[in-house]
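Trainee: Below: one structure in structure tokens.
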């Protein structure tokens, strides 16, 4: 009998499992501490409306977030040396990420900002961190412990937001703002699929959904539903036909029941379609007007943009573009937008192909997370930043998707030609 054996002998030995778990947990803790900085050190959340947007500048937040990232990057090199890496697995990720870093430098030359070198350095270090993760041996074990630790810290941060009673105009702010906590909760919902035992996911789902509802984070709700639908579809593809058909019928029945009995609640309490400031007549809570202003910035600086984290200085109606793709075009020009789309959409396509051809539960979660980020990018620019946990995890997901996957050994221990051609040791491939 022949086939592909993805299990590495190094992981079969029980004593060697400690290293990937410890490294993944430490990495997850480092990147998931940022919401705690934002909760404890930001000023209280103040609601904003059109032409009255509040944009608090908190230098200590930027400093601590950057310090956390630097610590994570430093640890990533230690992790790489312990588990072993092959950077040839990351050739595409390196090429695209370094292109974006160079474009950030070019756009930063025109920006009148003293912190621009630090911003570009942070971007470079963030990409290096992701590349190190993507080049690791035994990445699946590292990713599982990474995801579980991140979920624990994200839910703890959600509990802080929920107990703060920081509500503005009916929305849970929790110091950092409702959309921010929507991203925290959505990230926890997707990553919790790697939490074991499975019953531990129940409190995660309850706390995250409550935070999403009280924060009225509609963009995050749409994003996490999109990611969930894609992951469920991929699971259906792998099921036997009869079971898949039964699952589809049950899903349709549940959807009909939700529509019949819950459509009024969803429309008026979740999507708020008749709200004066956030309903269908509000220009997307002012987003359409903000997008128009951002288009003007792009038209005035089409090639290289105005510099990372600088487009907010040109806006008057809203605090930021509220769109990752418009923000990318405004800050790094149309060339930068093209590179960003190649990085993220290309990673998503590769993640989809890997789920179909080289399925693993970790790859399924990575695909769902990338779909979530691409969707939320239509409404918020968090996925385009480096000062938050969600975008950094997105970089890791992209790196793991771009990772080259030469075939490993068959069950007879014979290496496949692709593995030999890449000069890799098949026993280290997962």
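The values are calculated or read from the model by the stated rules, or taken from the named source; none is laboratory data. Model, not experiment: these values are computed from the prediction. As a convention, Cβ positions derive from the backbone with ideal geometry for all residues, glycine included, and neighbour counts pool all protein chains shown.
Trainee: Pick out the one residue from 336, 377 that is more than 18 Å from residue 130 (Cα to Cα) and under 15 Å from the mean Cα position of the chain (by Cα).
Mentor: Step by step, each of 336, 377 is checked, and only 377 is more than 18 Å from residue 130 (Cα to Cα) and under 15 Å from the mean Cα position of the chain (by Cα).
Trainee: While we're here: Could you go through the range 114-132 and let me know if any residue there is surrounded by fewer than 23 Cβ atoms within 10 Å (Cβ to Cβ) and part of a loop (DSSP other than H, G, I, E, B).
Mentor: yes
Trainee: What are the residues in the range 60-76 that are closer than 12 Å to residue 119 by Cα and either free of Cβ contacts under 8 Å to residues at least 24 places away in the same chain or not in a helix (DSSP H, G or I) (or both), if any?
Mentor: 63
Trainee: In the range 155-179, what residues are farther than 12 Å from residue 212 by Cβ and assigned to a helix (DSSP H, G or I)?
Mentor: Correct list: 155, 156, 157, 159, 160, 163.
Trainee: Got a sec? Which of 314, 369, 325 is touching a helix residue (DSSP H, G or I) at 6+ places or on another chain (Cβ under 6 Å) and under 22 Å from residue 222 (Cα atoms)?
Mentor: 369
Trainee: Test residue 334 against the criterion of being in contact (Cβ under 8 Å) with a residue 40 or more places away in the chain and in contact with a helix residue (DSSP H, G or I) (Cβ under 9 Å, 6 or more places away or on another chain), and give yes or no. Please lay out each step first, then the result.
Mentor: Working: in contact (Cβ under 8 Å) with a residue 40 or more places away in the chain: no; in contact with a helix residue (DSSP H, G or I) (Cβ under 9 Å, 6 or more places away or on another chain): yes.
Considered against the rule, which asks whether it is in contact (Cβ under 8 Å) with a residue 40 or more places away in the chain and in contact with a helix residue (DSSP H, G or I) (Cβ under 9 Å, 6 or more places away or on another chain), residue 334 comes out as no.
Trainee: Looking only at the range 345-367, which residues are surrounded by 24 or more Cβ atoms within 10 Å (Cβ to Cβ) and closer than 19 Å to residue 325 by Cα?
Mentor: Passing the criteria: only 347.
Trainee: Condition (residue is part of a helix (DSSP H, G or I), in contact (Cβ under 8 Å) with a residue 40 or more places away in the chain and closer than 18 Å to residue 63 by Cα) applied to the range 92-109: is it met by at least one residue?
Mentor: For the range 92-109, residues part of a helix (DSSP H, G or I), in contact (Cβ under 8 Å) with a residue 40 or more places away in the chain and closer than 18 Å to residue 63 by Cα: absent.
Trainee: Test residue 327 against the stated conditions and say whether it is crowded, with 24+ Cβ neighbours inside 10 Å, closer than 19 Å to residue 111 by Cβ, under 18 Å from the mean Cα position of the chain (by Cα) and touching a residue at least 12 places away in the same chain (Cβ under 8 Å).
Mentor: yes
Trainee: Considering every residue within the range 310-318, establish whether at least one is within 16 Å of the chain's Cα centre (by Cα) and either closer than 30 Å to residue 112 by Cα or without any contact (Cβ under 8 Å) to a residue 40 or more places away in the chain (or both).
Mentor: Taking every residue of the range 310-318 in turn, none turns out to be within 16 Å of the chain's Cα centre (by Cα) and either closer than 30 Å to residue 112 by Cα or without any contact (Cβ under 8 Å) to a residue 40 or more places away in the chain (or both).
Trainee: Does at least one position in the range 188-211 carry a residue that is touching a residue at least 60 places away in the same chain (Cβ under 8 Å) and surrounded by fewer than 20 Cβ atoms within 10 Å (Cβ to Cβ)?
Mentor: Checking the range 188-211: not a single residue is touching a residue at least 60 places away in the same chain (Cβ under 8 Å) and surrounded by fewer than 20 Cβ atoms within 10 Å (Cβ to Cβ).
Trainee: Another question, then. What is the one condition in (1) modelled with pLDDT of 75 or more; (2) under 30 Å from residue 165 (Cβ atoms); (3) surrounded by fewer than 18 Cβ atoms within 10 Å (Cβ to Cβ) that residue 68 does not satisfy?
Mentor: Checking residue 68 against (1) modelled with pLDDT of 75 or more; (2) under 30 Å from residue 165 (Cβ atoms); (3) surrounded by fewer than 18 Cβ atoms within 10 Å (Cβ to Cβ), the one that fails is (3).
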